[in-house]
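One structure is given below, encoded as C-alpha cells.
FYI, it's all coordinate maths here, none of it is from the lab. Values in this document were obtained by computation on a predicted structure and should not be read as measured data. Cβ: placed from backbone, ideal geometry, glycine included. Neighbour counts: every protein chain shown.
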Amino acid sequence: MTTEVGATTGADTTAGAALVPARPGRVIETAPFVLLVLLLAVVLKYSALTLTNQDTWFHLTLGDHFRGDWSLAHPGALTPFATSQWVPTQWSTEVLASLVEHWFGLPGVAWLFGAFYLLLVLTAYGVCRARSGALPATVVTALLVFAAAPALSARPQVLSLILVAVTVHAWLRTWDDGRLRWWLVPLTWVWATAHGLWSAGVLLGLVCCVGLLLDRRVGGRRAVLAFAVPLLSLAATALTPVGPRLLAAQLAVSARTSLIAEWGPTSFRTVPALVAAAMVAWLAVLWARRGGTSWTHLLLLLLAAAWILLVTRTVSLGAIVVAPLLAQALERSITGAGPGRTGTRTSERWVVGAAALGYLLVLALAVPGAAATAEGVPTRFQPRLEALPAGSTLLVDNGTGAWVEWAVPAVHPVVDGMLDAYPVDYLRRYFGFTRAEPGWQAFVRDSGARAGILGSGSPASTALQERLGWRAVARDRDWVYLEAPDAR
C-alpha cells in the first residue's frame, strides 16, 4: 500500500494533533516566569548594584549617630546650619543600614537595599497573584516596578512601598472574608520606626472601612471594630521610642514641600507617572466594560488616582494600590471568572524561589566590585576635603553635602539632603545662592566658606568665579572644586 505525497497516516495525524496545541499552552504557562526573571534582571542591573541616590549618605550618617551618642528624643544636628528641631522618622532603617555598612562596607549596604527591592517585587507579585493568574500578576508587577522606579534607591522609602502593598492586600482580604487583620496595628508600629509614610497605611485603612460600610460588609459593632484597626494603628505610632511627636512630624515636611523636587506636582512627562496613570485608566476601562464594582474597590481606585495626581513622591503609592485591582480585573476579562483567590502551584513556588535565590546570589557576587566606592559623588576631591581644617565650611549642592558629611565628618557642608533640620528661610537663601539670585553674595559671606564643590557651569559656580574671583583648582566629572582667593 502506498501513501500519496502530502498525505499523512492516521497515527501521524493523531501525533501531530497532540503536539501542535501543546506548544501555545506551554508558552503561555512559561511566559509569566520568563517575564518575572527579566524584571528581576532589570531591577538588579539598574537599581541594586550601585549606590547612586545622594540621600543614602545622610541616612548612613544618621544611623551612625543613633548607634553612637544621639538620642531619639533629642537628636543632634549634622551641621551648624541645621538649627531647626526635627523628629527622627526612619531611625530603625538608618541604624540597620549603618550596622551593615560597619560590618560589610558599602557593598553590604548595596546588597541590603537590593534585597529590599527584591522583596518589593515579590510582595507585589504575591499580592497580585492572590487575585489573578500568573500572567496578569506578572504584567501588573512589571508595570508597578516601572511606576515605582524612582523609589528603588538605597533609602528607607522602599520599605514603605512594601508595607503599602501588604496593607492593601490585608484590607482586600477583609473585603473577601470579613475578618479583621488586627496585626496591622503592630505592623504600623514597626512601620513608624522605619519610614515617615506610615500615615499612608492608616489612610488606606480608613478608606477601606468606609467602603466596607457602604458595601454593607460590616455594620453595627463590626463597623466599630473595623474602624478601630486604623485608629489603633494611629495610636500605636505615638508609642514608638520617638513618642507622640511623630504624629506632627509631617508638618515639618509640608512647610518645605515647595523646596523639594519630589514633593512637587506630578509631571506626566515622566515615564513612572505615565505608567501609573495608564494603570488607573486601564482598570477604569475594564470596570466600565464589565459594569459595576464595589464601593471599597472604587474608593481605592480614587485614592490611587489622588496619590498619583498629588505629588511626584506619592505616584508609586498610587500604583501599588491599583495593582491588585488591575490584576483581578485582567484575570476576569481573560477567563470570565469572578473575584476570589487564585491558587499557586508547587512548581510555581519553586520557580519564583529559584529566581529570588539567583537574584540574591548574583547580587552578592556583583556588589563587592560594583558598589565598592560611592557613585554619583566627587570622590576624587576627598583628599582635599580631608586636608581642610576641622570645622571648615564647604559650599555644596544639595546632594553632595550629604556625601561630604559621611565621608569627611570634620567638614561642614552648608546643606545636606535632610532639609527638615534647616529653617525654611535659610533654605530659601541657600537655593537662591545655587541660582545666583540677588543676595547670593551675602549667603556666601555669612557661611564663612572658603572652599566649595559645585557643578561645573552651574550658576553658583560661574558667579563665584566671575564675581568673587574664586579659583577652580580641580575637576571631577561634572563637579569643580573651588577655593576663595584668600584660601590657603
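Per-structure values
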{"item": "Calculated FRET efficiency for the pair V210/L310, C-beta based, R₀ 22 Å, to 0.05", "result": "0.70"}
{"item": "L203 versus K45: modelled label distance in nm, points set 7 Å from Cα along the beta carbon direction", "result": "3.5"}
{"item": "The chain, relative contact order in percent, only Cα pairs under 8 angstrom and at least six apart counted", "result": "20"}
{"item": "Chain lengthening between V224 and D69 when straightened (0.36 nm per residue, less Cα-Cα)", "result": "51.4 nm"}
{"item": "Over the chain: helical MRE at 222 nm, DSSP H runs n ≥ 4 each giving -39500 (n - 2.57), nearest 500", "result": "-20000 deg cm²/dmol"}
{"item": "C-alpha center-to-center spacing [segment 189-237, segment 446-488] in angstrom", "result": "52"}
{"item": "For the chain, share of DSSP beta bridges that run antiparallel, in % to the nearest 5", "result": "65"}
{"item": "Prolate/oblate/rounded label for segment 379-483 (Cα gyration tensor, a/c 1.5)", "result": "oblate"}
{"item": "Anisotropy class of segment 257-325 from Cα gyration tensor, a/c 1.5 cut", "result": "prolate"}
{"item": "Label-to-label distance, nm, for residues given as L119 and L361 (7 Å Cα→Cβ offset)", "result": "2.2"}
{"item": "Sites L99 and T379, calculated FRET efficiency, Cβ-Cβ separation with R0 22 Å, nearest 0.05", "result": "0.40"}
{"item": "Relative contact order [Cα under 8 Å, 6+ residues apart], segment 379-483, whole percent", "result": "25"}
{"item": "Value of relative contact order over segment 32-106, rounded to a whole percent, pairs C-alpha under 8 Å and six or more apart", "result": "36"}
{"item": "Rounded tilt (10° steps) of 398-407 against the dominant C-alpha axis of the chain", "result": "80"}
{"item": "T270 versus A372: modelled label distance in nm, points set 7 Å from Cα along the beta carbon direction", "result": "3.3"}
{"item": "Global geometry of segment 27-103, whether rounded, prolate or oblate, following the gyration tensor of its Cα atoms and the 1.5 cut on a/c", "result": "prolate"}
{"item": "Gain on full stretching of the segment that runs from E262 to A442 - 0.36 nm per residue minus C-alpha separation", "result": "62.0 nm"}
{"item": "Difference of contour (0.36 nm per residue) and Cα-Cα distance, A390 to W183", "result": "69.6 nm"}
